[in-house]
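Colleague: What follows is a structure written as structure tokens; I'll ask about it next.
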């Protein structure tokens, strides 16, 4: 058995494992789980109720409550939206952001079965504005090899495209295996219409013969009905026509098979129980996102030639989670629940660079994704997103259109500055000067913090509380979801009392909290 073999090898090598961290405190857990699962901070009322609750079951109850919140579906729809669109080959695919997000949010809310969602993406056709499931095709603008590579990366965690031009250097995949896999996808066509934006496109099956070979300026992705492996010695010569074959199981369909038949066949093989990689890929991806490191070093570069971290200090195993996920009917809520309830998830955080963090001995501080951070800013300032979009649209001299994501809108601005490919290793994601400038110099933020205005959070707190301690405490709860330490409270009060104006002093405190590393990370 893989787990036993690797454990025995580790024991024989005498490898020492880091001492597991203690469980995190309740305030840290509630903020962590709220941000991870629902993409938002807990409110002051939720924090106080949770801290006062003496039940040993309060953490599992909080996890279940957050998973039942519609915000869970929206938060993770945005995550998977970015998984697909950050590896796009054509920026026109960004037009897919809203319909893709809406499709995923509906599926996660109503029936969060990962196998069903995968099948819809792999077999998708239709108008992109109405069918978010065509996003992988649109992100690769119908290119056969690129679609095959993304399907394998996203749903199997295997970078089989590394064998596109030569046998894989470190894994077992041979060049013909990649092109046999790509042969499931050549009959996808992106058709152009007379509309604008997404309305110009339609993803369709093309099974007629002969297929046009003339390249179109706006849609160069039309080729033969069958996929050819190019002749590397002489690319001008016809390549080898490939029979569709799934590289993990050997499942095959004949040449000449219609598009929907071949794509449904490979979708069934990808999601089947005949191999472990469909289940392992999503388990490893979500474990990495929630715990801070994965069973494999990459979230989308795993496979039979890669060695995983088999067992976490709390006893959680990759194979155990994958088997349970399969028995659950590939229920994503089940998987999130199991990870969030695990001792590894609930441990105190240690720095990613600390050797004491190895082998899941602690959770890891995670930089918030752009949407999480934007929602947290809105909540801290009590600003309504729709109103913020209307104000931004008026500033641009253009009215906001309902249901459409506007260029230059506040969320889009945040995404441009703070967004990152969620499939990258987190150690490769760092802050930037534009991010700091956006938080420090944003005029809308400055107006929302103004303590002299009646309609702002700070203005309301200053009128409601004569006690500066109460104001400082409320600001910490709004921004960091915890009470200030005695030293922090003393520093805040010293600054406010030294300021020329009470409102101005607390504006500085509020601004500092919004720009703190703790605010843009979750511990």
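The values are calculated or read from the model by the stated rules, or taken from the named source; none is laboratory data. Just so you know, these numbers come straight off a predicted model, no measurement behind them. Cβ placement follows ideal geometry from the backbone for every residue including glycine, while neighbour counts extend to all protein chains displayed.
Colleague: Using the structure shown, decide if residue 306 is within 26 Å of residue 68 (Cβ to Cβ), outside the structural domain of residue 154 (by TED's automatic domain parsing) and either surrounded by fewer than 21 Cβ atoms within 10 Å (Cβ to Cβ) or free of Cβ contacts under 8 Å to residues at least 24 places away in the same chain (or both).
Modeller: It is false that residue 306 is within 26 Å of residue 68 (Cβ to Cβ), outside the structural domain of residue 154 (by TED's automatic domain parsing) and either surrounded by fewer than 21 Cβ atoms within 10 Å (Cβ to Cβ) or free of Cβ contacts under 8 Å to residues at least 24 places away in the same chain (or both).
Colleague: Being modelled with pLDDT of 50 or more and in a helix (DSSP H, G or I) is the filter here; which residues of region 1-34 pass it?
Modeller: Residues satisfying the conditions are 26, 27, 28, 29, 30, 31, 32, 33, 34.
Colleague: While we're on this one: Condition (residue is in contact (Cβ under 8 Å) with a residue 60 or more places away in the chain, in a helix (DSSP H, G or I) and either more than 17 Å from residue 44 (Cβ to Cβ) or under 25 Å from the mean Cα position of the chain (by Cα) (or both)) applied to region 503-518: is it met by at least one residue?
Modeller: yes
Colleague: Right, something else. Kindly establish whether residue 88 is surrounded by fewer than 21 Cβ atoms within 10 Å (Cβ to Cβ) and within 22 Å of residue 272 (Cβ to Cβ).
Modeller: Considered against the rule, which asks whether it is surrounded by fewer than 21 Cβ atoms within 10 Å (Cβ to Cβ) and within 22 Å of residue 272 (Cβ to Cβ), residue 88 comes out as no.
Colleague: Now a separate question. Out of 169, 103, report the one residue that is outside any helix (DSSP H, G or I) and free of Cβ contacts under 8 Å to residues at least 40 places away in the same chain.
Modeller: 169
Colleague: Do the conditions hold for residue 278, that is, is it at pLDDT 95 or above and within 27 Å of residue 78 (Cβ to Cβ)?
Modeller: For residue 278, the condition - at pLDDT 95 or above and within 27 Å of residue 78 (Cβ to Cβ) - is met.
Colleague: Output the residues belonging to region 338-349 that are surrounded by 20 or more Cβ atoms within 10 Å (Cβ to Cβ) and out of contact with any strand residue (DSSP E or B) (no Cβ under 8 Å at 6 or more places or on another chain).
Modeller: 338, 339, 340, listed by residue number.
Colleague: What tally of residues in region 453-491 results from selecting those that are loosely packed, with under 12 Cβ neighbours inside 10 Å and either more than 21 Å from residue 50 (Cβ to Cβ) or in contact (Cβ under 8 Å) with a residue 24 or more places away in the chain (or both)?
Modeller: Residues meeting the conditions: 8.
Colleague: With the requirement that a residue be crowded, with 21+ Cβ neighbours inside 10 Å, in a helix (DSSP H, G or I) and either assigned by TED's automatic domain parsing to the domain that holds residue 480 or in contact (Cβ under 8 Å) with a residue 40 or more places away in the chain (or both), what does region 36-65 give you?
Modeller: Result: 36, 37, 63.
Colleague: Still on this structure, please answer the following. If we scan region 184-191, do we find a residue that is surrounded by 23 or more Cβ atoms within 10 Å (Cβ to Cβ) and part of a helix (DSSP H, G or I)?
Modeller: no
Colleague: Is one or more of the residues making up region 275-293 more than 30 Å from residue 348 (Cα to Cα) and free of Cβ contacts under 8 Å to residues at least 12 places away in the same chain?
Modeller: no
Colleague: Give 386, 322 a once-over and let me know the one that is modelled with pLDDT of 90 or more and either outside any loop (DSSP other than H, G, I, E, B) or closer than 23 Å to residue 153 by Cα (or both).
Modeller: Selected residue: 322, the only one of 386, 322 that is modelled with pLDDT of 90 or more and either outside any loop (DSSP other than H, G, I, E, B) or closer than 23 Å to residue 153 by Cα (or both).
Colleague: Out of all the residues in region 248-285, which are assigned to a loop (DSSP other than H, G, I, E, B), under 26 Å from residue 229 (Cα atoms) and touching a helix residue (DSSP H, G or I) at 6+ places or on another chain (Cβ under 7 Å)?
Modeller: Within region 248-285, 248, 249, 251, 253, 271 qualify.
Colleague: Quick one: would you say residue 39 is closer than 27 Å to residue 473 by Cα and within 17 Å of the chain's Cα centre (by Cα)?
Modeller: Considered against the rule, which asks whether it is closer than 27 Å to residue 473 by Cα and within 17 Å of the chain's Cα centre (by Cα), residue 39 comes out as yes.
Colleague: Another question, if that's okay. Test each condition in (1) under 21 Å from residue 289 (Cβ atoms); (2) out of contact with any strand residue (DSSP E or B) (no Cβ under 8 Å at 6 or more places or on another chain); (3) surrounded by 18 or more Cβ atoms within 10 Å (Cβ to Cβ) for residue 112 and report the one that comes out false.
Modeller: (2)
Colleague: Go through region 196-247 and give me each residue that's part of a loop (DSSP other than H, G, I, E, B), in contact with a strand residue (DSSP E or B) (Cβ under 9 Å, 6 or more places away or on another chain) and modelled with pLDDT of 60 or more.
Modeller: Listed by number, the residues that qualify are 206, 224, 226, 227, 230, 231, 238, 239, 242, 243, 244, 246.
Colleague: For residue 137, are the conditions met, namely being modelled with pLDDT of 95 or more, touching a strand residue (DSSP E or B) at 6+ places or on another chain (Cβ under 7 Å) and in a helix (DSSP H, G or I)?
Modeller: Yes.
Colleague: Filter region 295-314 down to residues that are modelled with pLDDT of 90 or more and under 19 Å from residue 340 (Cβ atoms), then give me how many there are.
Modeller: 2
Colleague: Against the conditions (1) crowded, with 18+ Cβ neighbours inside 10 Å; (2) part of a helix (DSSP H, G or I), where does residue 124 fall short? Just the number, please.
Modeller: (2)
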